[in-house]
Amino acid sequence: MKPLKEKDLIKQHIKILNGLKFKSGLFSASKPTVSTGYDKAWLRDNFYECIAFEVTKDWQTVKQTYRALLDIFLKHEDKITMAIASKPAYTHEYIHARYHPETFEEFWEEWGNKQNDAIGCILFKIGELEKVKEIKILENEADYRIVQKLVDYLSTLEYWHDPDSGIWEENEEVHASSVGACVAGLEMVKDLKGINVHPEIIKKGYQALAKLLPRESDKKFVDLALLSLIWPYEVTTKGQTKEILKNVEYHLLKNKGVIRYKGDAYYNKNLDNISEEAEWTFGLSWLSIIYSQLGNKKKAKKFLDMTIDTENTEGEVPELYYSNSEKNNENSPLGWSESLFITALYEMNHKHLDLKNPNPKKKSTKKKNGNTKKKN
């Protein structure tokens, strides 16, 4: 690819992504006009949507988004306090995953509301921005107080063996991707001034991962969500990383994306929900980013080229394509897909600083089981 083409693509997709942003700083998952419910703001989606603005160094947008996320938690602080005092018995008592992008109100209907990874990913990014990138996110005593409560919330849940609906908001079981997000989040905030994280709750998270990996859960052998443990969380060993990538590419990789897992019913073309799983576009960008981080530029470019081919006739990267087809679903653009595409473009073009450690003179503070993480 020529540099000019990459610059044009980045500019085009940043504009598309900005089109999903509200005045509050939150991003909707897709266009506000879609009928699928993706006009709402997800905690997890905002985490991923904001990564594109990190690599393009738009710190104003990043800070505004995380200000809004903190304000959501502060708005619902009483609920969080109650959950810390007594572990929730019902799903509506958990911190919800979706909010109105302007009023910050919860959406109360059932939507797999137990999503521990959504809390882990926000803690992870707040810690990374504060400690590694030296971007000030926590502005006052209330911010530190609510971050501490998020830590205490995960501790009360005993996240390392708490069944949740996970990244795909579906069946409740213990998911490696959820446990890993929480481990990474707690690791990143544990050294922030005024934040107390008991080492035992991180240790138990790593022990749970060691038992689960390379599986996603008892019921799922391989899952697209496992890529998050390699990047951005970096909580896998070299052997686990190799095994996860091998399994994802062998079992889940398709022409227009990566299926989430075998037998996925979401937008499955087959009435029996077998063999016609939808192909998720951001899986290709995710693989490109990971291989770029691992130094395998050939495979990184291969998956980036495949991602470029997922642009639809509107020049957008949709959520997914129906199996073995050129037809995408209504969720176009998907903010998460747009952001990872932009990040993959930057990875290949060497125009961004290291997402994990932008200051070459400053060592990463990310550790694993008390030892500095070695590069794979």
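The values are calculated or read from the model by the stated rules, or taken from the named source; none is laboratory data. Note that the structure is a prediction, hence the values are computed from the model and not measured. Cβ coordinates were reconstructed from backbone atoms using ideal geometry, including for glycine residues, and neighbour counts include every protein chain displayed.
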Q. Hey, among the residues in the range 114-123 that are in contact with an Asp or Glu (Cβ under 8 Å, 6 or more places away or on another chain) and not acidic (Asp, Glu), which one's farthest from Tyr266 (Cα to Cα)?
A. Asn116
Q: Out of Gly127, Gly112, report the one residue that is closer than 20 Å to Val197 by Cβ and surrounded by 15 or more Cβ atoms within 10 Å (Cβ to Cβ).
A: Gly127
(Q) Looking only at residues that are touching a residue at least 12 places away in the same chain (Cβ under 8 Å) and of a type in the set (S, T, N, Q) in the range 114-153, which one is nearest to Thr81 (Cα to Cα)? (A) Gln148
**Q.** Test: residue in the range 211-231 that is more than 17 Å from Trp160 (Cβ to Cβ), out of contact with any strand residue (DSSP E or B) (no Cβ under 9 Å at 6 or more places or on another chain), β-branched (Val, Ile, Thr) and modelled with pLDDT of 95 or more
**A.** yes
Q: Report the residue count in the range 263-280 for those that are touching a helix residue (DSSP H, G or I) at 6+ places or on another chain (Cβ under 7 Å) and more than 16 Å from Ile167 (Cβ to Cβ).
A: 0
Q) How about the range 206-260: which of its residues are without any contact (Cβ under 8 Å) to a residue 40 or more places away in the chain, surrounded by 17 or more Cβ atoms within 10 Å (Cβ to Cβ), hydrophobic (A, V, I, L, M, F, W, C) and part of a helix (DSSP H, G or I)? A) Leu209, Leu212, Ile244, Val248
Q. Limited to the range 103-132, what total is found for residues that are more than 13 Å from Val189 (Cα to Cα) and either in contact with a Gly (Cβ under 9 Å, 6 or more places away or on another chain) or assigned to a loop (DSSP other than H, G, I, E, B) (or both)?
A. 14
Q.
For the range 8-65: of the residues being farther than 21 Å from Lys136 by Cα and of a type in the set (Gly, Ala, Ser), which is surrounded by the most Cβ atoms within 10 Å (Cβ to Cβ)?
A. Ala41
Q: Quickly run through the range 82-101 and pick out the residues that are among the aromatic types (Phe, Trp, Tyr), surrounded by fewer than 23 Cβ atoms within 10 Å (Cβ to Cβ) and in contact (Cβ under 8 Å) with a residue 24 or more places away in the chain.
A: none
(Q) Can you tell me how many residues within the range 298-341 are over 17 Å from Asn255 (Cα atoms), loosely packed, with under 15 Cβ neighbours inside 10 Å and touching a residue at least 12 places away in the same chain (Cβ under 8 Å)? (A) 3
Q.
It is to be established whether one or more residues within the range 175-191 are surrounded by fewer than 19 Cβ atoms within 10 Å (Cβ to Cβ), modelled with pLDDT under 95 and not in a helix (DSSP H, G or I).
A. yes
Q: Tell me which residues, restricted to the range 59-81, are of a type in the set (Asp, Glu) and free of Cβ contacts under 8 Å to residues at least 12 places away in the same chain.
A: Asp78
Q | Failed item, numbered, when Gly166 is tested on (1) in a loop (DSSP other than H, G, I, E, B); (2) over 22 Å from Glu49 (Cβ atoms) | A | (2)
